[in-house]
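What follows draws every value from the coordinates through simple rules; no lab data is involved. Please read all numbers here as calculations on a predicted model, not as lab measurements. Because the Cβ atoms are built from the backbone with ideal geometry, glycine has one as well, and the counts that use them run over all protein chains shown.
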């Protein structure tokens, strides 16, 4: 159910047409929420359209490289150099996490990271800079 006055958010795959999946509803007007989420599976891009008109196009590989789960943070701290990004990585699952953001599951089996809305927006802003 959507809250009165709130737009319905979509999460869909560009490769598989089907009915939209509603994202969790906005609990705070301070949080920037995407109006739509489209997974372009073939090209490996997650596209988020924000209410202010910003379009974020985030590569699956970049999202995997920027996972902030404890295991990935620890691995980055332990590495002496930045690891190469595997461009063949693809998203295999996109799951809303209450009103917080998305849990992304990747083709390498990793699925522990939660990507808050603010972090996804930040990644999108950095990708366009």
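Brief remarks follow.
- Were the residues from residue 85 through residue 71 laid out at 0.36 nm apart, the gain over their Cα-Cα distance would be 3.4 nm.
- Label-point separation in nm, residue 110 to residue 122, each point 7 Å along Cα→Cβ: 1.7
- Shape call, the stretch 60-129: gyration tensor on alpha carbons, a/c limit 1.5: rounded
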